[in-house]
Number of protein chains: 2
Amino acid sequence: MSSYTPRKKPTQARSRATFEAIIEAGAQLLVEDGFHNMTTNALAERAGVSIGSLYQYFPNKESIVASIIERFADRQFEILAGGLQEVITAPLAEVVHHLVAAMFEAKQAEPELNRVLVEQLPPIGQLDVMRDWTERACHLLEMALEARRDEVEVEDLEMAAFMMVTSCHGIMHSTLLDRPKLLDSEVLREHTARLILRYLGCQE
Amino acid sequence: MSSYTPRKKPTQARSRATFEAIIEAGAQLLVEDGFHNMTTNALAERAGVSIGSLYQYFPNKESIVASIIERFADRQFEILAGGLQEVITAPLAEVVHHLVAAMFEAKQAEPELNRVLVEQLPPIGQLDVMRDWTERACHLLEMALEARRDEVEVEDLEMAAFMMVTSCHGIMHSTLLDRPKLLDSEVLREHTARLILRYLGCQE
DNA sequence: AGTAAATGTGAACAATTGCTCATATATTAT
DNA sequence: ATAATATATGAGCAATTGTTCACATTTACT
């Protein structure tokens, strides 16, 4: 019976530190060696913790990565939400520009970890976390669109939000893999914003 | 010295059959068990071939998957190219609709294999093949745009092609993971076509 | 102080599996 | 027919590694 959730919740300060050390070391080794080449024994050593302790908190190797992913997704979402927070009352065009900026910012935060997770996450079986992330992001956007309904031509706002998030995601993803340098360019962001704005039927 | 390319080229008919059987069995097991859980011994058995023969043609497990991926990518590209072939002289709007249709068709062809490869390809290290695929697809599209330059508002056609391919890809990818049922819907295709057409500055 | 609970340790096990190699069979060439 | 080449076989090796468990140490509690 293998699970992806942690085994035991640390209560004392000491054990909380152990828990954190494991996750931190895990993120490091994931970046350095990839999921397959990262061994639990090496992880424990890097964390300065015995292998036994590791298995006291995590039922298996996968669950460690699951925790790493979960935290990562949360941080990513905060960047997005934070970026949109700045423009709660602004007109649609500005919202879209901030959206694009925030999405790109998230993509470029913790680039190494981002890369490993993007490249190796699926087989680890943590697709749910990403599904959830998309869901939350769409919901956030839908609300933003709702508040500016008069500026949006598209009827189905849920669909519109989905299109915005996923197309933007795809562009960034491919860029990261195919033309990483382009990710910094202002041009790409402008094109992405244009893509979204025109789709919504809004003048730039 | 591990390589991802096959080891020996089969010359006789008998060995060519062996080679094919290995690739076919590999694709099956990849779908059934995933990359990690598929063992080379099981693969050989499924192919009706001894494990020794397998290693006569492939230097390692990865290289088998590499060959599977390569063939898959070629088939995918043919679907795309075929779809565009039908509209070599048509106006832009029609081209885009065919593009979207072809992209969706490719995504839905061999759905199981598609899914496994999308989910497990990266760690196998065959990102190059995908990079290459995007490259080729972009080039194809750029030519199509070039021939209709007067209908396109965007200046940089290379960029435009990149945006079209990657956004479309992202939409399909996320849909496959998050809302697989939606992939069949006409609505999604219409929205995608709209997204692209408006971006290009073309009336529908 | 003394006890119970929480936390930490790491040697060693069990199981898996990618891959080799010595050998056998089939095909082609002379 | 005979030699030479190509192809096929599969038992078993070598190496890796995730995980456990019996025991030590630290903290919390009475």
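The values are calculated or read from the model by the stated rules, or taken from the named source; none is laboratory data. Model, not experiment: these values are computed from the prediction. Here the Cβ positions follow ideal geometry from the backbone for every residue, glycine too, while neighbour counts run over all protein chains shown. Quick note on the areas: whole protein, heavy atoms, side chains included, nothing else; ligands and nucleic acids left out. Shrake-Rupley method; radii C 1.70, N 1.55, O 1.52, S 1.80 Å.
Ratio of Rg to Rh for region A:1-108: 1.15 [Cα atoms; Kirkwood radius as inverse mean 1/r over pairs].
Taking a ≥ b ≥ c as the square roots of the Cα gyration tensor eigenvalues, with a/c under 1.5 meaning rounded and otherwise prolate when a/b beats b/c, else oblate, which class fits region B:92-203?
Details: a/c = 2.50, a/b = 1.43, b/c = 1.76.
Verdict is oblate for region B:92-203.
Averaged over the residues of B:149-157, the number of partner chain Cβ atoms lying within 10 Å of the residue Cβ comes to 1.
Across the identical copies, the 7 Å label point of A:Q203, projected outward along Cα→Cβ, sits 1.7 nm from its counterparts, in ascending order.
For region B:113-118, putting each phi into the Karplus relation 6.51 cos²θ - 1.76 cosθ + 1.60 with θ = phi - 60° gives couplings of 4, 3, 4, 4, 5, 4 Hz, in residue order, rounded to whole numbers and with x for Gly and Pro. Here the 3J(HN,Hα) profile of region A:103-111, calculated from phi with Karplus coefficients 6.51, -1.76 and 1.60 at θ = phi - 60°, is 4, 5, 4, 4, 5, 9, 6, 6, x Hz, Gly and Pro shown as x. Taking every Cα-Cα distance in region A:13-59 and sorting them into 10 Å bins starting at zero, the pair-distance distribution P(r) comes out as 31, 58, 11, 0 percent. Non-local lysine pairs in the protein assembly as shown, meaning eight or more places apart or on different chains, with alpha-carbon distances under 20 Å, amount to 6. In this label model, A:D128 and A:A101 are separated by 3.6 nm, measuring between points 7 Å along each Cα→Cβ vector. Copy A relates to copy B by a rotation, and the A residue whose beta-carbon is nearest that axis, with the distance in whole angstrom, is A:G170, 1.
How would you rank B:167-173, A:6-12, highest first, on the average number of other Cβ atoms within 10 Å across their residues? Write out the running numbers ahead of the final one.
Numbers: B:167-173: 24.0, A:6-12: 11.7.
Those peptides, ordered most packed to least, come out B:167-173, A:6-12.
Taking θ as phi - 60° and the Karplus parameters 6.51, -1.76 and 1.60, the scalar couplings of region A:176-186 work out to 4, 7, 8, 9, x, 5, 4, 4, 7, 5, 5 Hz in sequence order, x denoting glycine and proline. Overall, the anisotropy analysis places chain A in the prolate class: the square-rooted eigenvalues a ≥ b ≥ c of its C-alpha gyration tensor yield a/c not less than 1.5, with a/b exceeding b/c. Label point of B:R179 (7 Å along Cα→beta-carbon): distances to the other copies' equivalent points are 3.0 nm, sorted ascending.
Working note: Debye formula, equal point scatterers on the alpha-carbon atoms of the protein assembly as shown, no solvent; log10 I(q)/I(0) at q = 0.13, 0.14 Å⁻¹ is -1.17, -1.29.
Based on Cα coordinates alone, diagonalise the gyration tensor for region A:78-118, multiply each eigenvalue by 5, take square roots, and list the semi-axes in whole Å, largest first.
Taking √(5λ) for each Cα gyration eigenvalue gives 24, 9, 5 Å.
Ascending distances from the B:E24 label point to its copies in the other chains, with the point 7 Å along the Cα-to-beta-carbon line: 5.5 nm.
Rolled with a 1.4 Å probe across the full set of protein chains, the surface gives B:I88 an accessible area near 110 Å². The mean number of partner chain beta-carbon atoms within 10 angstrom of a residue's beta-carbon across peptide A:190-200 is 5.
What number in nm² do you get for region A:118-175 if you take the convex hull of its Cα atoms and divide its surface by four? Let's see the in-between values first.
Numbers: hull surface 17.8 nm².
If I average the Cα hull's projected area over directions, I get 4.4 nm².
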